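A short write-up of the structure that comes next.
The values are calculated or read from the model by the stated rules, or taken from the named source; none is laboratory data. Model, not experiment: these values are computed from the prediction. Here the Cβ positions follow ideal geometry from the backbone for every residue, glycine too, while neighbour counts run over all protein chains shown. When the accessible area is computed, the model is the full protein with side chains, heavy atoms only, and any ligands, DNA or RNA have been set aside. Shrake-Rupley method; radii C 1.70, N 1.55, O 1.52, S 1.80 Å.
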Amino acid sequence: MQTFALVRFVAVALVAMVALAVPAMPVSAQSADSSTMTDAEGHLDDFVHYALTANVDLAEANAKWLLDNIKSDEALAQLMDASAVTPKRFARAIRWAQETAGLQEISGQLLNRIEAGRLALSRDQDRVLASIAMLDGTRREQMLARGRILAAGEYAVPALLREMTNGENEERRWAASQLLREIGRESVGPLTVALPNLAPEHQRRVAQILGAIGYNHAGPALLELSMDESSPSFVRESAGKAYEQLGGNPELDRPGTLHVILGRQYFNNAEHLVASPLDEYNNVWGWDDFAGLTTTPVPTVIYGPVMSMKSSAAALQYDPSDRAALAQFVAANLRRSNLQPEGWDDPIFGDLDYSPQFYATVYGSSTGQDVLALAIDSRDTPLVRDSLNALERTTGAGNLFNEYLDRQPLLDAMQYPDRRVQYDTALILAKAAPDTPFAGAYRVVPTLASAVRTGGDEYAVVIAETKEDERAAADRLEAMGFNVVATGANGDELVDGISRAPGIDLAVVRTTSMHTDSEDIDELRRNPKTSATPVMLIVQAGDMPAYKNAYRNDAVVGVSRAGITQEAFAAAVESLMKTGAGGRLTKLDSEIYAMESLGALREIALARPGAYAIGDAESALIDSLQSRTGGTRLLVAEILAMIESERSQQALLDAALAE
């Protein structure tokens, strides 16, 4: 019943998701008079000259004038394009400025505004329409129009589609269809949404275009059209041939399966599915019978989860009992909630009847463990913890392990490189109280005992090319309360320290080379104890844009500028830990884990015989007897009293005599 309700809601939500129009990227009116623009050209030329000659004061003054007096990003871009400064010379000036103290920040602001202006100009709908009107003009007009349309990418698709299907000029219609092919990957999303809503003759043309483009995410729409008995045979045939061009088999493949596969690719944030990965927002395309193609912009950080939910919901419409589709929908919904920017309301799935955690719980332990497997495989620590939170409510001895033949997600979670995940999993397995041992049962009691012994300690490692940088990074981490267990010039030098620590909560890499930095991260990821550890890169200011771009979609890699204050560095680490691990392990968290673990150990001791051996906690509990106080110490003593060993009894006697 719940699955059918979910499918019905999602179907209604997807149909109702209609924006009023394709969002134009308007060109801001820049009403500066000609004298201002003439002055601006001079200031731009002077900025370039003084940046190249390392005259910091004059370069900064000219850049500031441009930023203060040219209010529109679009006007700055037009100024750059119309000036005598060549793109190559401007790029060299920016590169030099990024390496010069005092110019790094302001030159970055100038570059960002010019690039934002160029992007806005390329996507302006009036500019796109004017360019389409030039497609039957002179050769120069056609070349200019094609360049502008290709730069607009997916934002030109609605206008091109209207021209191809409704245009009155044959030359422009043909040119529009060719440009849809040339835009390529970015055309696929909007064209697959439009495909089932077009007239048959236009469906055939669009199917041919999608087949020629060759990207697999057109597959579900093409296969569905090829199987649509209400469509004319020539349309079904064209869709089938286009689907075959993508490598599919219309006779054997099924749309529901394709939607699951596509949903998994979106869940894994496959970059080829995102039209503009560097943009803050990306478009979810829809169709309106009056307006045609419409868009709803969503933050790029949740674009993958949102689209995964849409694909999974489409698969559930074919088969409401599809476990893979259901788990994918639930996992993507949890991830969307975790990554959704504060203060932003999701117009696509924000109106679901229940919370993401409800859906993670209501479908039971089997779906919960499927979600856990997805989370573990994607090394998404917050999602792993969300799935464990749901399993805590639904898992008992009778459904402790699901039907996987080759793995058990709960046992995999016991080895996940995050101590909170290990603690949460051990508590779930302990509270289930199975009667007989199982593979991995020997890890449960030592993990619970570790939660009692280690308290709120946090552990970090540092990689740096020089001893001075190693010490500086370690000092910063220790000032934040981390125990730095290893430092070195590469990951190999950290292995011993990592192996001795209960877990590694943070790795800091001070690097001067992106190639070296990538190798360091790869080494950390190959070590099972740091495969999901958040990594903070410390880089030079001039390298910040390149590094942020390189790791923009990696939630467990942060980038910090060398030389910032301790407060700024601490804030950057806190932000990384929140997105990459769900936050730091606080003293309060540690005390809660310790008390819950002691409660679980007490139940294990009372329930003997069973799946677990309480004696496995002996060493850690004896250590805790020395370090703990108050009621916690009494509970430790109570558990030790139930361990029938001379060592435990001697420890209790020694503690009593020491009072």
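For segment 378-437, what is the Kirkwood estimate of the hydrodynamic radius, computed as the reciprocal of the mean inverse distance between distinct Cα atoms, to one decimal in Å?
Details: mean 1/r = 0.0845 Å⁻¹.
In segment 378-437 this quantity evaluates to 11.8 Å.
The residues neighbouring Asp45, those whose beta-carbon lies less than 13 Å from its own, together hold a net charge of -2 under the Lys/Arg +1, Asp/Glu -1 convention. Converting phi to 3J(HN,Hα) with the Karplus coefficients 6.51, -1.76 and 1.60 and the offset θ = phi - 60°, segment 501-506 yields 7, x, x, 10, 8, 7 Hz in sequence order, with x at every glycine or proline.
Heavy-atom accessible area, probed at 1.4 angstrom with all protein chains present, ranks Tyr50, Tyr459 as Tyr50, Tyr459, highest first. Dividing the mean sequence gap of close Cα pairs (under 8 Å, 6+ apart) by how many residues the chain holds gives a relative contact order of 9 percent.
Provide the gained length on full extension for the span Trp174 to Asp353, in nm with one decimal, where the gain is 0.36 nm per separating residue minus the Cα-Cα distance.
Full-extension gain reported as 59.8 nm.
How big is the convex hull of the Cα atoms of segment 217-267, per residue, in Å³?
Cα-based convex hull of segment 217-267, divided per residue, equals 65 Å³.
When its C-alpha radius of gyration is set against 2.2 N^0.38 Å (N residues), segment 180-292 gives a value of 1.04.
Normalising the Debye intensity of segment 103-189 to I(0), with uniform scatterers on Cα atoms only, and taking log10 at q = 0.20, 0.25, 0.26 Å⁻¹ returns -0.84, -1.19, -1.26.
With respect to the chain, whose longest principal axis is taken over its alpha-carbon atoms, helix 618-627 is tilted by about 90°. A simple spin-label model places the labels of Ala658 and Asp45 8.1 nm from each other, with each point 7 Å out along Cα-to-Cβ. In this calculation the C-beta distance from Glu468 to Ser366 is compared with R0 = 41 Å, giving a FRET efficiency of 0.15. Enter the angle in degrees (range 0 to 90, nearest 10) between the Cα long axis of helix 87-98 and the first principal axis of the Cα atoms of the chain, meaning the one along which they spread out most. Rounded to the nearest ten degrees, it is 30. Across the alpha-carbon atoms of segment 127-239, the computed radius of gyration and Dmax are 14.1, 46 angstrom.
Fully extending the segment from Ala570 to Ser518, taken as 0.36 nm per residue of separation minus the present Cα-Cα distance, adds 16.4 nm. In the full protein context, segment 225-383 carries 41 Å² of accessible surface per residue, based on a 1.4 Å probe and ignoring ligands, DNA and RNA. The H on the amide N of Asp288, modeled in the peptide plane, is under 5 Å from the matching H of Leu293, Thr294, each at least 5 residues off or on a different chain. Amide hydrogen proximity for Ser560: with H placed 1.01 Å from N in the peptide plane, the residues at 5 or more positions away or on another chain lying under 5 Å are Leu537, Ile538, Val539. To test your reading of the geometry: what angle, between 0 and 90 degrees and rounded to tens, separates the Cα axis of helix 364-377 from the longest principal axis of the chain? Its long axis makes an angle of about 70 degrees.
Measuring nothing but protein heavy atoms, the accessible surface of segment 273-319 at 1.4 Å probe radius is 54 percent carbon and sulfur.
Using a cut-off of under 14 Å, list every residue of segment 237-254 whose amide N is near the label point 7 Å from the Cα of Ala212 along the Cα-to-beta-carbon line. Residues 242 fall inside that zone. The charge dipole of the chain, taken about its Cα centre with unit charges on the Cβ atoms of Lys, Arg (+1), Asp and Glu (-1) only, comes to about 660 debye.
In segment 523-588, the portion of solvent-accessible area held by carbon and sulfur atoms comes to 58 percent [1.4 Å probe, whole percent, DNA, RNA and ligands not counted]. The share of alpha-carbon pairs in the chain lying farther apart than 45 Å comes to 34%.
Label separation (Ala397 vs Leu58): 8.5 nm, computed from points 7 Å beyond Cα along the C-beta direction. Computed with a 1.4 Å probe over protein heavy atoms only, the accessible area of Asp345 comes to about 130 Å². Over segment 512-557, the Kirkwood radius and the radius of gyration, each from Cα atoms, give a ratio Rg/Rh of 0.97. Quick one, what does Rg over Rh come out to for segment 336-460 if you take C-alpha atoms and the Kirkwood Rh? Using Cα coordinates only, the ratio equals 1.01. Hey, with R₀ at 60 Å, roughly what FRET efficiency would Asn249 and Met642 work out to, going by the Cβ-Cβ distance, to 0.05? Once the sixth-power term is evaluated, E becomes 0.45.
First compute the accessible area of segment 112-180 with a 1.4 Å probe, then give the percent of it belonging to carbon and sulfur atoms. The C+S portion of the solvent-accessible surface of segment 112-180 is 48 percent. Taking a ≥ b ≥ c as the square roots of the eigenvalues of the Cα gyration tensor of segment 313-383, is the shape rounded (a/c under 1.5), prolate (a/b larger than b/c) or oblate? The shape class here is oblate.
A 1.4 Å probe run over the protein chains yields, for segment 439-503, 42 Å² of accessible area per residue, whole-number rounding. When all alpha carbon pairs of segment 399-541 are counted in 10 Å bins from zero, the resulting P(r) reads 11, 37, 27, 17, 7, 1 %. Per residue, the Cα convex hull of segment 107-153 amounts to 64 Å³. Pulled fully out, how much extra length does the chain show between Ser627 and Ser230, if you take 0.36 nm times their separation in residues and subtract their Cα-Cα distance? Value of the extension gain: 135.4 nm.
If a/c stays under 1.5 just call it rounded; otherwise compare a/b with b/c (prolate if a/b is bigger, oblate if not). Do that for segment 482-615, with a ≥ b ≥ c from the square roots of the Cα gyration tensor eigenvalues. Prolate, since a/c reaches 1.5 and a/b exceeds b/c. Taking amide H atoms as placed 1.01 Å from N in the peptide plane, the amide H of Tyr281 lies under 5 Å from those of Thr300, each 5 or more residues away in sequence or on another chain. For the set Met134, Met414, Met595, solvent exposure ranked by accessible area (probe 1.4 Å, protein chains only) runs largest to smallest as Met595, Met134, Met414.
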